């Protein structure tokens with residue numbers, strides 16, 4: 001069961017080797033150093049959204065603390081344990097944020113470095129407790145709003161979804177999106193294609209082309225490939241970041257991630273350990289935050305502000321307000337979605 005709780009510089013893989021753990025622990029108490037490990041490069045919206053959120057938290061100086069960030073991109077496979085261990089062994093980074101499925105590696109390391117806070121993110125991870133925190137991002141609520149918009153803008157009644165892996169934190173978005181579509185038009189058809197990758201624009205483009213060929217005139221593009229929509233003059237909804245600037249004439253909105261509540265939660269847990277001297281005691285379940293708690297939203301309409309029918313915008317606004325005040329609950333459905 002999931003629990004809902006109310007930049008930087010590039011660093012080469014071996015750059016942290018050679019630091020003395022004893023010396024590194026003597027860091028300025030007003031500076032907190034994060035190390036982040038990313039499965040892709042910064043061009044990936046999943047990663048960029050986190051970087052943007054980190055920088056926003058950094059500007060706020062939580063607890064009066066300056067934040068610093070080192071990160072390594074494109075970490076996967078056999079490389080994962082090496083990079084995580086080097087950060088931990090350096091002793092320089094009290095918080096290591098592992099931004100995808102790294103729980104096997106963290107399980108191997110966490111008891112050797114009890115004063116290091118490990119954070120794993122999303123599907124494919126296991127709650128390990130102690131100094132290993134599992135964070136989830138659920139975008140089912142913004143996706144629901146995007147579904148309302150899609151249902152109001154489709155002319156064919158056929159809507160496509162390009163998914164990534166069929167994982168909990170992908171399925172929830174697709175199911176939330178479908179629920180939003182059906183809340184407006186129960187006869188609309190939603191077609192789902194998984195590209196079986198966390199980031200592969202070519203596969204995402206191929207999937208979008210197939211859906212367009214089958215009649216879809218609007219696509220929820222989780223795969224970050226918008227060239228097909230440009231070439232075929234089909235609307236695409238972006239994901240994780242405001243993607244409008246990439247293709248302003250075909251992206252009416254995006255479902256946006258905000259990691260600030262999650263990052264602040266982690267910093268609060270670190271601060272609690274510093275203040276009490278007690279060991280970390282991570283929940284034995286995932287920590288996540290709702291849209292009302294600031295975890296995400298829809299992006300502005302930008303070029304589409306005057307193109308979206310007023311009644312559609314009113315429907316979206318009404319549903320958004322109801323989600324935020326608690327009068328509308330969007331089901332968190334992580335089951336495998338199928339095409340209508």
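The values are calculated or read from the model by the stated rules, or taken from the named source; none is laboratory data. It should be emphasised that the depicted structure is a prediction, and the values quoted were computed from it without experimental measurement. Methodologically, a virtual Cβ is constructed for each residue, glycine included, from the backbone with ideal geometry; neighbour enumeration extends over all protein chains shown.
Since residue 196 meets every condition but one in (1) out of contact with any helix residue (DSSP H, G or I) (no Cβ under 8 Å at 6 or more places or on another chain); (2) farther than 30 Å from residue 321 by Cβ, which condition does it not meet?
Residue 196 satisfies all of (1) out of contact with any helix residue (DSSP H, G or I) (no Cβ under 8 Å at 6 or more places or on another chain); (2) farther than 30 Å from residue 321 by Cβ except (1).
What is the residue count in segment 265-296 for residues that are in contact with a helix residue (DSSP H, G or I) (Cβ under 6 Å, 6 or more places away or on another chain) and either assigned to a helix (DSSP H, G or I) or farther than 20 Å from residue 36 by Cβ (or both)?
Residues that pass the stated criteria total 6.
Here is a list of conditions, (1) under 17 Å from the mean Cα position of the chain (by Cα); (2) more than 21 Å from residue 333 (Cα to Cα); (3) surrounded by 18 or more Cβ atoms within 10 Å (Cβ to Cβ), and residue 200 meets all of them except one; can you say which number that is?
With (1) under 17 Å from the mean Cα position of the chain (by Cα); (2) more than 21 Å from residue 333 (Cα to Cα); (3) surrounded by 18 or more Cβ atoms within 10 Å (Cβ to Cβ) applied to residue 200, the lone miss is (3).
Which members of segment 208-217 meet the condition of being in a loop (DSSP other than H, G, I, E, B) and in contact with a strand residue (DSSP E or B) (Cβ under 6 Å, 6 or more places away or on another chain)?
Filtering segment 208-217 for residues in a loop (DSSP other than H, G, I, E, B) gives 214-217.
215, 216 - these are the residues of segment 208-217 that are in a loop (DSSP other than H, G, I, E, B) and in contact with a strand residue (DSSP E or B) (Cβ under 6 Å, 6 or more places away or on another chain).
Name the single residue, out of those in segment 61-70 being closer than 26 Å to residue 45 by Cβ and touching a helix residue (DSSP H, G or I) at 6+ places or on another chain (Cβ under 8 Å), that is surrounded by the fewest Cβ atoms within 10 Å (Cβ to Cβ). Can you show your working first?
Going through segment 61-70, the residues closer than 26 Å to residue 45 by Cβ turn out to be 62, 67-70.
If we keep only those that are touching a helix residue (DSSP H, G or I) at 6+ places or on another chain (Cβ under 8 Å) as well, we get 62, 67, 69-70.
On the way: 62: 16, 67: 20, 69: 20, 70: 20.
Checked segment 61-70; the qualifying residue surrounded by the fewest Cβ atoms within 10 Å (Cβ to Cβ) is 62.
Looking at segment 286-298 only, could you name the residues that are closer than 15 Å to residue 143 by Cα and surrounded by fewer than 20 Cβ atoms within 10 Å (Cβ to Cβ)?
Result: 292, 294.
Just need a number here: residues in segment 218-243 that are within 15 Å of residue 305 (Cα to Cα) and either surrounded by fewer than 21 Cβ atoms within 10 Å (Cβ to Cβ) or out of contact with any strand residue (DSSP E or B) (no Cβ under 8 Å at 6 or more places or on another chain) (or both).
1
Which ranges mark the helices (runs of 4 or more DSSP H) fully within segment 21-108 that have 2 or more residues being at pLDDT 95 or above and either within 22 Å of the chain's Cα centre (by Cα) or under 24 Å from residue 275 (Cβ atoms) (or both)? I'd like the intermediate steps shown before the answer.
Values: elements: 21-25, 45-60, 79-90.
Filter on segment 21-108 gives 45-60, 79-90.
Mind checking which residues of segment 147-170 are surrounded by 22 or more Cβ atoms within 10 Å (Cβ to Cβ) and not in a loop (DSSP other than H, G, I, E, B)?
Selection gives 147, 148, 149, 150, 151, 159, 160, 161, 162, 163, 170.
Kindly indicate whether residue 237 is outside any loop (DSSP other than H, G, I, E, B), at pLDDT 95 or above and within 24 Å of residue 141 (Cα to Cα).
Values: outside any loop (DSSP other than H, G, I, E, B): yes; at pLDDT 95 or above: yes; within 24 Å of residue 141 (Cα to Cα): yes.
Yes; evaluated as a whole, the condition is true for this residue.
Would you be able to tell me the number of residues in segment 176-207 that are in a helix (DSSP H, G or I) and either closer than 17 Å to residue 155 by Cα or not assigned by TED's automatic domain parsing to the domain that holds residue 157 (or both)?
First pass over segment 176-207, keeping only residues in a helix (DSSP H, G or I): 176-184, 201-207.
Within this subset, residues satisfying the condition of being either closer than 17 Å to residue 155 by Cα or not assigned by TED's automatic domain parsing to the domain that holds residue 157 (or both) are 178, 180-184.
Total satisfying the criteria: 6.
Between a first residue in segment 294-320 that is assigned by TED's automatic domain parsing to the domain that holds residue 241 and under 26 Å from residue 260 (Cβ atoms) and a second residue that is modelled with pLDDT under 95 and assigned to a helix (DSSP H, G or I), which pairs have beta carbons less than 7 Å apart while being 6 or more apart in sequence or on different chains?
Going by the 7 Å Cβ cut-off, there are no qualifying pairs.
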